[in-house]
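Taking it in order: structure first as structure tokens, then the write-up.
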Amino acid sequence: RMPPVSQCYNLLDFEDIARQTMKKTAWAYYSSGADDEITLRENHAAFHRIWFRPKVLVDVSKIDLSTTMLGCASSVPFYITATALGKLGNPEGEVVLTRGAYRENVIQMIPTLASCSFDEIVDAKQGDQIQWLQLYVNQDREITRKIVQHAEKRGCRALWITVDAPQLGRREKDMRSKYDEQAANVQDNESTVDRSQGAARAISSFIDPSLSWKDIPWFQSITKMPIVLKGVQRAEDAIKAVEYGVDAILLSNHGGRQLDFARPGIEVLAEVMAALRQHGYEHKIEVYIDGGIRRGTDILKAICMGAKGVGIGRPFLYAMSTYGETGVVRAMQLLKDELSMNMRLIGATKISDLDESFVDVGSIATH
Ligand code: FNR
């Protein structure tokens, strides 16, 4: 019934197989977006509006995909982003991603709402493997302080604070499906929350909607990890992030799961890079994007437009849910193959070669 993993030729193949084989509840939670899922759809479609301007007659016999993100070495300019509830898709949960990431030298971001405990995910790390922490800020700041300082002590190398989710979005597909109670082990207040609104809402009631810019210095005072704001969506906030001394921003709409009609990250990137350059800030902060990245060409477009790296969510969940660690490794290898081939075809041999001259973003407004 399941084709061998070698028959998956790109990341979208994993999604097709996941749709056909995953438990309904798990598929609903992973695949859903907010409201009419317009942002979810556009996240990937937006890449179709950007074209390449290849260079010819460049010696491309050797290609180097390696880079650094937040001071961390990586074999590629993409990372596994934080996605909650790994055990919905695979009984072993997030540690499957950890093992796959080790084999391919890819950085993993650990979600606050993982199914495995934080320590299980750190314990699954091998060698000098790199992990980051995604943080949902608790109304009880002591809990948050403990999570952050524990993560730093356990070797996490960056803190990604999610700022696009003061309230979880309405994912109706998820709400319609029943929350699989065994699959998730999550928060202490879990047993007291109302599950009728689906998995997402059931687990998020502790998130602090009062979080604001004035809290940023507090985070800077409790950790030495670089701080990234996950979910910035406009140039003015990118400028503010620089002025608050934040290390990086992630332009993201949470994979289309929060505000419907939020713009795709790749479109926000054009606006943000233009504003940073205007203020002379382009070297003061690293910029990342996520959402809808499924192809090597998507990654190259983002890097050419100024991103330091990109996050990938659902494809690794689908790979993990269908073929386990083997699937995760295969998905990463496919992306590496695509990246190498496409670098050759545009006439670039290393990540630092990539710049705006390689893309035609004509139809994207920069404000
Ligand atoms: C997410 N995302 C997310 N983000 C976050 O900050 N904390 C979280 O707990 C989660 N959980 C989560 C679960 C699932 C099932 C998905 C699909 C996504 C958002 C995630 O980090 C990222 O922004 C998007 O997944 C990127 O889009 P793609 O690659 O999935 O299209």
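Which condition from (1) more than 29 Å from Ile351 (Cβ to Cβ); (2) in a strand (DSSP E or B); (3) of a type outside the set (S, T, N, Q) is the one that Ala73 breaks?
Failing condition for Ala73: (1).
Keeping to segment 1-59, report how many residues are among the β-branched types (Val, Ile, Thr) and without any contact (Cβ under 8 Å) to a residue 12 or more places away in the chain. Let's see the steps before the verdict.
At the first step, the residues of segment 1-59 found to be among the β-branched types (Val, Ile, Thr) are 5, 17, 21, 25, 38-39, 50, 56, 58.
Filter once more, so that each one left must be without any contact (Cβ under 8 Å) to a residue 12 or more places away in the chain: none.
Qualifying residue count, segment 1-59: 0.
Kindly provide the set of residues from segment 305-333 that are within 11 Å of the ligand (Cβ to nearest atom) and assigned to a helix (DSSP H, G or I), ordered by number.
Matches in segment 305-333: Arg314, Pro315, Phe316, Leu317, Tyr318, Ser321.
Right, Ser340: among the small types (Gly, Ala, Ser), surrounded by fewer than 19 Cβ atoms within 10 Å (Cβ to Cβ) and either within 16 Å of the ligand (Cβ to nearest atom) or closer than 30 Å to Ser31 by Cβ (or both) or not? Don't jump to the end; show me each part of the working.
Details: among the small types (Gly, Ala, Ser): yes; surrounded by fewer than 19 Cβ atoms within 10 Å (Cβ to Cβ): yes; either within 16 Å of the ligand (Cβ to nearest atom) or closer than 30 Å to Ser31 by Cβ (or both): yes.
Spelling it out, Ser340 is indeed among the small types (Gly, Ala, Ser), surrounded by fewer than 19 Cβ atoms within 10 Å (Cβ to Cβ) and either within 16 Å of the ligand (Cβ to nearest atom) or closer than 30 Å to Ser31 by Cβ (or both).
For residues that are surrounded by fewer than 16 Cβ atoms within 10 Å (Cβ to Cβ) and touching an Asp or Glu at 6+ places or on another chain (Cβ under 9 Å), scanning just segment 36-54, find the one that is nearest to Leu335 (Cα to Cα).
At the first step, the residues of segment 36-54 found to be surrounded by fewer than 16 Cβ atoms within 10 Å (Cβ to Cβ) are 36, 38, 41, 45, 48, 51, 53-54.
Pick out the ones that are also touching an Asp or Glu at 6+ places or on another chain (Cβ under 9 Å) and you get 36, 38, 51, 53.
On the way: Asp36: 29, Ile38: 26, Trp51: 19, Arg53: 21 Å.
Looking at the filtered set, the residue picked out is Trp51.
Go through segment 82-94 and give me each residue that's part of a helix (DSSP H, G or I) and surrounded by fewer than 24 Cβ atoms within 10 Å (Cβ to Cβ).
Our first condition is that a residue be part of a helix (DSSP H, G or I); within segment 82-94, this holds for 86-88.
Of everything in segment 82-94, just one residue is part of a helix (DSSP H, G or I) and surrounded by fewer than 24 Cβ atoms within 10 Å (Cβ to Cβ), namely Lys87.
Evaluate the following for Pro209: is it over 19 Å from the mean Cα position of the chain (by Cα), within 16 Å of the ligand (Cβ to nearest atom) and of a type outside the set (A, V, I, L, M)? I'd like the intermediate steps shown before the answer.
Values: over 19 Å from the mean Cα position of the chain (by Cα): yes; within 16 Å of the ligand (Cβ to nearest atom): yes; of a type outside the set (A, V, I, L, M): yes.
Judged against the criteria, Pro209 is a match.
Which residue is nearest to the chain's Cα centre (by Cα), if the candidates are limited to segment 24-41 and must be on the phi < 0 side of the Ramachandran plot and away from the ligand (no atom under 11 Å from the Cβ)? So that I can check it myself, show each step before the final result.
Going through segment 24-41, the residues on the phi < 0 side of the Ramachandran plot turn out to be 24-34, 36, 38-41.
Now restrict to residues that are away from the ligand (no atom under 11 Å from the Cβ): 24-25, 34, 36, 38.
Values: Lys24: 23, Thr25: 22, Ala34: 17, Asp36: 22, Ile38: 19 Å.
That would be Ala34.
Of Ser177, Ser115, which residue is over 21 Å from the mean Cα position of the chain (by Cα) and either within 11 Å of the ligand (Cβ to nearest atom) or buried (at least 19 other Cβ atoms within 10 Å of the Cβ) (or both)? Don't jump to the end; show me each part of the working.
Numbers: Ser115 fails: over 21 Å from the mean Cα position of the chain (by Cα).
From the options Ser177, Ser115, the qualifying one is Ser177.
Since every read-out is calculated from the coordinates, none of them should be taken as a lab result. Since we're looking at a predicted model, the values are computed, not measured. Virtual Cβ from ideal backbone geometry, glycine too; neighbours counted across all protein chains shown.
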